[in-house]
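Here is the structure we will look at.
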Amino acid sequence: MANITTVVGASGQTFAVTVSGGQTQLLAQQYQTAVSTLHASGGLDSYDLIPGWNAAAVSNTGHGLISQGGDYTVSGAATQYISVGSYSTTGEDTLNSAVSLDLSGSTAKSVSVLAGDFAGVSVTAGNQDGTFIGGVGNNTFNGANSTGNWTIATGDGNDTVTGTNGNDTISTGEGNNLIKLGTGTNVVRSEGQDTIDGTTGTDTVTLLGGSSVVTLGANATVYDTTSHNTVSGGNNSFITGGSSSTYFSTGNLSTVSGGLNDTISASADIWQIRGTANSITASGALTFLNGTGATTVSAGTSTLFGASGLDLMLVGGSASSANLFVGGDGSETVSAASSNGTLHAFAGTGDETIIGGSAADTLVGGSGAATLTGGSGAANLFALNKGSAGGDYTITDFGSAAGNLMALYQYGLQNNDGLASVLSNATVAGGNTTIELSDNSKITFVGITDLNASNFTLS
């Protein structure tokens, strides 16, 4: 929604500037307050700027006004405020002719520009600090050769912002905006469908519009509050995930927190924290904390801590890939059936389903119920540890491969014919064998009717 900001023009006339969208209205109010305060105290001289070269000779703070299209150059130190709009007795801004404003020759320490040109305003910054408020139209800010620190806000047009090599704060409204960031420490608030490029600075970007493309460098921070964004970050970047977005980590280590149905890729190592139903690929090591939902992982190595509702599928990898899974509470499913790597899985406190792959896997029951499948690999190790067990366990394919073993730790069954006693009290029914241990753990071996001591390892 468009708002009219009025300031005092030359000879005390009312000067109207239209602002619309983004953070422009807030900054326009601050601009209006600053100009009004100076005017009331007698510390402001307002005058008209004309196309061409302008160098005001005033003793007070200078306020230049542009009410017609054209190319303007401002030099000297006097002009610190510039308004672009229309003189009006009815509160309307009618300026609809493009304005180009060159501040590269200005020696003022700081310049603030409030622009409301429906045909758009183009500003070239010098080395001063400043504020640019591009209220309406398609606006351009060029700070490529500047070392100043700027606050830049544009409205709902299709705007182009080239940041300075100082520290910039940039806010763009709705529209298809192009933002190029400099080498400083920059903060961006994006409400449109924007293209943001900032590989040389230290950047923080908040995405509010969705469907943006963001390419950043090292130490970047991105808050994705929407969906269908594409974000690339360098080493030590941190991304708060959105929904159905795509993230690329190009550095040695990055972190993605949260996210729903996101696709995450890393050229090296990555941490993924509390995501839901994401697809993750890492050439290096993945650390996965408290994820849930239907999740796919392919990594060089992975350390995975689950959460209730996790349905995890490990895919790809190589024979040297090692995957460590530690279950949480609630129901979880982990499958390495499509993985080439080794799975070492420790079930948690809830109902667990764990499926190994083509390697020799280690599957350890927790304190909840667990269904364990060794998979197509041989010499799988199934295990319980007294003190962290006590549930009901089903091993679905114990007899399917040579070398499968059941490890019982801390039960003392190696003493006084303990294992023999357990086996003699086993229950065989329906082609399955069930044994019970001293901590009330029950293990059912599906399809096995001839368990013997050679199937166990004890300690």
For this session: Could you list all residues from segment 309-327 that are open to solvent by less than 40 Å² (accessible area, probe 1.4 Å) and of a type in the set (S, T, N, Q)?
Result: 321, 323
Exercise. Would you call residue 241 open to solvent by less than 40 Å² (accessible area, probe 1.4 Å) and not in a loop (DSSP other than H, G, I, E, B)?
Worked result: yes
Seminar exercise, completed: Note on residue 348: of the conditions (1) of a type outside the set (A, V, I, L, M); (2) more than 30 Å from the chain's Cα centre (by Cα); (3) open to solvent by less than 50 Å² (accessible area, probe 1.4 Å), unmet is (2)
Exercise. Which residue out of 306, 291, 357, 330 is crowded, with 19+ Cβ neighbours inside 10 Å and either among the charged types (D, E, K, R) or assigned to a loop (DSSP other than H, G, I, E, B) (or both)?
Worked result: 357
For this session: Could you tell me whether residue 358 is in the same structural domain as residue 325 (by the TED database) and modelled with pLDDT under 95?
Result: yes
Problem set entry | Every residue from segment 252-288 that is open to solvent by less than 10 Å² (accessible area, probe 1.4 Å) and part of a loop (DSSP other than H, G, I, E, B) | 262, 275, 278
Problem set entry | Which numbered condition residue 95 fails, given (1) farther than 18 Å from residue 133 by Cβ; (2) not in a helix (DSSP H, G or I) | (1)
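Within segment 193-211, is even one residue charged (D, E, K, R) and closer than 17 Å to residue 159 by Cβ? Write out each step before concluding.
Within segment 193-211, the subset charged (D, E, K, R) is 194, 197, 203.
This time we only want the ones that are closer than 17 Å to residue 159 by Cβ, so: 194, 197.
Yes: segment 193-211 contains one or more residues that are charged (D, E, K, R) and closer than 17 Å to residue 159 by Cβ.
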Problem set entry | Within segment 379-404, considering residues that are loosely packed, with under 15 Cβ neighbours inside 10 Å and within 17 Å of residue 445 (Cα to Cα), the one modelled with the highest pLDDT | 379
For this session: Select from segment 11-58 the residues that are part of a helix (DSSP H, G or I) and crowded, with 16+ Cβ neighbours inside 10 Å and list them in ascending order.
Result: 24, 25, 27, 28, 31, 32, 34, 35, 38, 39
For this session: Working only within segment 303-345, note down all residues that are within 24 Å of the chain's Cα centre (by Cα) and either among the charged types (D, E, K, R) or under 20 Å from residue 385 (Cβ atoms) (or both).
Result: 303, 304, 305, 306, 311
Exercise. Say we look at segment 67-92 and pick out the residues that are in contact (Cβ under 8 Å) with a residue 40 or more places away in the chain and part of a strand (DSSP E or B); which of these is most open to solvent (accessible area, probe 1.4 Å)?
Worked result: 87
Seminar exercise, completed: Turns out the strands (runs of 3 or more DSSP E) fully within segment 166-210 with at least 1 residues that are open to solvent by 10 Å² or more (accessible area, probe 1.4 Å) and closer than 20 Å to residue 27 by Cβ are 169-172, 185-190, 202-207
For this session: Find the residue count for segment 360-375, including only residues that are buried (at least 23 other Cβ atoms within 10 Å of the Cβ), of a type in the set (A, V, I, L, M) and farther than 15 Å from residue 323 by Cα.
Result: 2
Seminar exercise, completed: Checked segment 282-293 for anything more than 16 Å from the chain's Cα centre (by Cα) and under 12 Å from residue 262 (Cβ atoms); matches are 293
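Condition check: open to solvent by less than 10 Å² (accessible area, probe 1.4 Å), over 32 Å from the mean Cα position of the chain (by Cα) and β-branched (Val, Ile, Thr). Does residue 133 satisfy that? Show your work before the answer.
Values: open to solvent by less than 10 Å² (accessible area, probe 1.4 Å): yes; over 32 Å from the mean Cα position of the chain (by Cα): no; β-branched (Val, Ile, Thr): yes.
No, not satisfied.
Working carefully through the options 299, 337, find the one that is surrounded by fewer than 18 Cβ atoms within 10 Å (Cβ to Cβ), part of a strand (DSSP E or B), in the same structural domain as residue 438 (by the TED database) and not β-branched (Val, Ile, Thr).
Values: 299 fails: surrounded by fewer than 18 Cβ atoms within 10 Å (Cβ to Cβ).
Sole residue among the options that is surrounded by fewer than 18 Cβ atoms within 10 Å (Cβ to Cβ), part of a strand (DSSP E or B), in the same structural domain as residue 438 (by the TED database) and not β-branched (Val, Ile, Thr): 337.
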For this session: Give segment 405-459 a look and list any residue that's closer than 28 Å to residue 358 by Cβ, open to solvent by less than 70 Å² (accessible area, probe 1.4 Å) and assigned to a helix (DSSP H, G or I), or say none.
Result: 455
For this session: Would you mind finding the one in 177, 139 that is of a type outside the set (A, V, I, L, M), closer than 24 Å to residue 84 by Cα and within 22 Å of the chain's Cα centre (by Cα)?
Result: 177
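The values are calculated or read from the model by the stated rules, or taken from the named source; none is laboratory data. All values reported here derive from a predicted model rather than from experimental measurement. Because the Cβ atoms are built from the backbone with ideal geometry, glycine has one as well, and the counts that use them run over all protein chains shown. When the accessible area is computed, the model is the full protein with side chains, heavy atoms only, and any ligands, DNA or RNA have been set aside. Shrake-Rupley method; radii C 1.70, N 1.55, O 1.52, S 1.80 Å.
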